[in-house]
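Visitor: To start, I am sharing the structure in question, which I have written as structure tokens.
The values are calculated or read from the model by the stated rules, or taken from the named source; none is laboratory data. Since the structure is predicted, the reported quantities are computational estimates derived from the model, not experimental observations. Cβ placement follows ideal geometry from the backbone for every residue including glycine, while neighbour counts extend to all protein chains displayed. SASA here: full protein model, heavy atoms, side chains in, ligands and nucleic acids out. Shrake-Rupley method; radii C 1.70, N 1.55, O 1.52, S 1.80 Å.
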Amino acid sequence: MSSRPSAALASLALMGMSLLLLLPDCASACSCMGVPIQRYISSSDAVFSGEVVDLQKGTSVSRMFGSSDTVTLRVSEVWKGTDQGTLEVSTPSQGSACGYAFEEGQEYLVYAYGKQDLKVDACGGTTHLSKADEDLALLGNGEKPKDGGDDLTDTSGGVSVRAMVGIAGLAMVASFLIVVRLVRTG
């Protein structure tokens with residue numbers, strides 16, 4: 001009889017370790033598909049590079065994504081959509097909601113969407129400037145921003161912002177359903 005409890009304990013230990021291996025995948029709700037750089041350019045309302053000069057964590061709350069961070073960037077070069085020297089973008093605070101993890105004092109190539117309130121997410125192509133060589137080669141030379149610019153101007157994109165938000169919403173719902181199914185089936 002002494003071998004039976006040890007076999008049960010070994011089985012429980014194995015099940016517990018299996019669950020630990022599955023938990024990180026189940027906890028992640030953000031899943032990005034590989035998208036060509038040209039798609040980021042055409043679907044973005046603003047494409048620019050800049051340095052993060054201010055980062056406010058959890059500044060607003062959205063029903064869909066929870067809290068958002070507000071990031072202020074000093075724009076250094078512009079390829080699309082703005083002529084302002086300083087811009088604010090918002091991103092979900094949580095990585096699981098596809099929030100982009102900006103760091104103060106760092107420079108980024110930013111692909112933003114939204115006419116008035118610019119938004120950035122982890123799936124939108126935004127990247128640290130030091131890792132953007134391929135993007136920069138494709139973009140070519142940008143323009144220096146002019147201070148005091150008005151609203152975004154160049155919004156010629158192949159896909160509307162509403163369509164992109166709808167697609168992102170569908171992807172999040174599909175990811176959620178997959179996670180629920182995985183949890184239910186064990």
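Visitor: Using the structure shown, decide if V78 is buried (at least 21 other Cβ atoms within 10 Å of the Cβ), out of contact with any Leu (no Cβ under 8 Å at 6 or more places or on another chain) and assigned to a strand (DSSP E or B). If you could, list the steps in order and put the result at the bottom.
Guide: Numbers: buried (at least 21 other Cβ atoms within 10 Å of the Cβ): yes; out of contact with any Leu (no Cβ under 8 Å at 6 or more places or on another chain): yes; assigned to a strand (DSSP E or B): yes.
Against the criterion (buried (at least 21 other Cβ atoms within 10 Å of the Cβ), out of contact with any Leu (no Cβ under 8 Å at 6 or more places or on another chain) and assigned to a strand (DSSP E or B)), V78 qualifies.
Visitor: If the requirement is being modelled with pLDDT of 90 or more and in a loop (DSSP other than H, G, I, E, B), which of these qualifies: Y100, Y111? First the steps, then the outcome.
Guide: Details: Y111 fails: in a loop (DSSP other than H, G, I, E, B).
Step by step, each of Y100, Y111 is checked, and only Y100 is modelled with pLDDT of 90 or more and in a loop (DSSP other than H, G, I, E, B).
Visitor: Identify the residue in the stretch 30-71 that is open to solvent by less than 50 Å² (accessible area, probe 1.4 Å) and among the aromatic types (F, W, Y) and, among all such residues, is modelled with the highest pLDDT.
Guide: If we take residues in the stretch 30-71 being open to solvent by less than 50 Å² (accessible area, probe 1.4 Å) and among the aromatic types (F, W, Y), then F48 is modelled with the highest pLDDT.
Visitor: What's the number of the condition D151 fails, among (1) at pLDDT below 90; (2) out of contact with any helix residue (DSSP H, G or I) (no Cβ under 7 Å at 6 or more places or on another chain); (3) open to solvent by less than 80 Å² (accessible area, probe 1.4 Å)?
Guide: So D151 meets the others, but not (3).
Visitor: Spot the failing condition for T91; the list is (1) modelled with pLDDT of 90 or more; (2) more than 15 Å from the chain's Cα centre (by Cα), and only one is missed.
Guide: Status for T91: all satisfied but (2).
Visitor: Could you figure out which of (1) modelled with pLDDT under 90; (2) touching a helix residue (DSSP H, G or I) at 6+ places or on another chain (Cβ under 8 Å) isn't true of E134?
Guide: (1)
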